[in-house]
Amino acid sequence: MTQVPATPKTRRAGIRLAAATLGPRWTFDHLAQQASELDALERRANARPVPAEDPSVVFLIPLVGRHHVDNWTEVQSRLADTIDSFRHQTSGRWSALVCGQDRPENVTFDSQVRFLPFTTPFDGNDKWAKLEQLCLALPSAGTSDGYAMPFDADDLLARGAVAEMTTRKERNGYLVTRGLITDAQSRQVGLCAPQSLLHPGRKAFWKMCGSCAAFRFDFSHSTRDAEYLAAVTSHEHRMFPYLAALAGRRLASLRQEAVMYIVNHGENFGKRRGRVGFKTRYVSRHEITDAKAHARIRADFPTV
């Protein structure tokens, strides 16, 4: 599987309006074209989640293959930092699945962090094929009720994020609207948050980084949610809120700066697509300079 193109914004608006007014069945038959939209409408019609009772969070990590990078040691180190940010959570109600061709040597795999070998022959960028495998593996991950969060292998999670998700128990899942973006070379830290009159040009975190959404799943009666999540994550992350809303599962904003996105470290996926320059400029324009804010960041991200 390769990344599926995003539905144009104007068409998204029309499909959402039709689903809300004419119903998911009519929209399914007359407007929706993407497999993800059809799956979302099917979920809207047949399977609204019940309130979560005892949820946990499962992180889904597609790991780039050794043959695609210049510095495999750096990739392994970044992944280890990501896993450490999970292990430093104030709540232990989480697990992680890592999918890749090459099993990292510096990560401890156990009952909480598992490695899934990716053996499918694939030409080109296989990130979305790995995400599909991860989503379809969810029903056998040992958790029947929780939140699945696609997470890049070089991002970091704030230490209170799992606790917030599993305590609030939002019916549909969560969206990271506020987060941090760090330039690994300059060590500058910028804020990602919705723009306002006082802060024009600022961007919500989910528009910048793929580690931005935790989707509710419930396998108590069916494993169908795994297929829905595989379809949703076949797109770029800016489609996530749209598809969740189309499924009748609007994501709730997390109340903290829940994720740190580290750019310009040499092995970013964005570097391979030539998109790092915009993000380093964003960090400079929206840099956090307040000393108290930096102290809070160090407390929230103790592995930095």
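The values are calculated or read from the model by the stated rules, or taken from the named source; none is laboratory data. Bear in mind the structure is a predicted one, so any value in this text is a computation, not a measurement. In this analysis, Cβ positions are derived from the backbone assuming ideal geometry, glycine residues included, and neighbour counts consider all displayed protein chains. SASA here: full protein model, heavy atoms, side chains in, ligands and nucleic acids out. Shrake-Rupley method; radii C 1.70, N 1.55, O 1.52, S 1.80 Å.
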Of the residues in region 187-197, those that are part of a loop (DSSP other than H, G, I, E, B) and either open to solvent by less than 60 Å² (accessible area, probe 1.4 Å) or of a type in the set (Lys, Arg) (or both) come to ARG187, GLN188, ALA193, SER196
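In region 205-229, which residues are touching a His at 6+ places or on another chain (Cβ under 9 Å) and either open to solvent by less than 20 Å² (accessible area, probe 1.4 Å) or assigned to a strand (DSSP E or B) (or both)?
The answer is MET208, CYS209, GLY210, SER211, CYS212, ALA213.
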Exactly one of ARG238, ARG249, ARG202 is open to solvent by 20 Å² or more (accessible area, probe 1.4 Å) and assigned to a loop (DSSP other than H, G, I, E, B), and that one is ARG202
Residue under evaluation ALA18, criteria (1) outside any loop (DSSP other than H, G, I, E, B); (2) in contact with a His (Cβ under 9 Å, 6 or more places away or on another chain); (3) touching a residue at least 60 places away in the same chain (Cβ under 8 Å); (4) not charged (D, E, K, R), criterion not met: (3)
Verdict on ASP70 being touching a residue at least 40 places away in the same chain (Cβ under 8 Å) and closer than 30 Å to TRP26 by Cα: no
Picked from region 182-228 (must be under 17 Å from GLU257 (Cβ atoms) and among the small types (Gly, Ala, Ser)), the residue modelled with the lowest pLDDT is SER196
Reported set for region 52-100 where residues are surrounded by 18 or more Cβ atoms within 10 Å (Cβ to Cβ) and among the hydroxyl-bearing types (Ser, Thr, Tyr) is SER56, THR82, SER85, SER95
Looking only at residues in region 101-130 that are open to solvent by less than 30 Å² (accessible area, probe 1.4 Å), free of Cβ contacts under 8 Å to residues at least 60 places away in the same chain and not in a strand (DSSP E or B), which one is farthest from ALA299 (Cα to Cα)? PHE118
When (1) closer than 18 Å to ALA184 by Cβ; (2) at pLDDT 95 or above; (3) within 15 Å of the chain's Cα centre (by Cα) are applied to ILE297, the one that fails is (3)
Pick out the one residue from ALA32, ALA52, ALA80, ALA40 that is under 27 Å from ALA247 (Cβ atoms) and either in contact with a Ser or Thr (Cβ under 6 Å, 6 or more places away or on another chain) or not in a loop (DSSP other than H, G, I, E, B) (or both). ALA40
When both residues are 6+ apart or on different chains and their Cβ atoms are under 8 Å apart, which pairs have a first residue that lies in region 276-303 and is farther than 30 Å from THR90 by Cα and open to solvent by less than 80 Å² (accessible area, probe 1.4 Å), and a second that is of a type in the set (Asp, Glu) and in a helix (DSSP H, G or I)? none
